[in-house]
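Asks: Below is the structure I would like to discuss, written out as structure tokens.
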Amino acid sequence: MPELFEPFRRLNERRHAPGEGAGLGLALVASIARAHGGEATAEANPGGGLTVTVRLP
């Protein structure tokens, strides 16, 4: 899971479909959290999807 917070990291290979992101969102979230002394974590949901938690002091 920690790799998801790296820039341009995606779960699946990019398909160039309309509306797809570049894989920067979670990297930005983690960077902002760290800059404020916090952290961002991710956990896979059993039925699919992802829960991201951001903790700030």
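Asks: How far is it, in nm, from the label point at Ala42 to the one at Val54 when both lie 7 Å from their Cα along the line to the Cβ?
Replies: Taking the simple label geometry, Ala42 and Val54 are separated by 1.5 nm.
Asks: What order, most packed first, do the peptides 44-57, 24-37 have when packing is the mean number of other Cβ atoms within 10 Å of each residue?
Replies: 24-37, 44-57
Laboratory data are not the source of any read-out in this text; all were calculated from the coordinates shown. Please read all numbers here as calculations on a predicted model, not as lab measurements. Cβ atoms come from the backbone with ideal geometry, glycine included; neighbour counts cover every protein chain shown.
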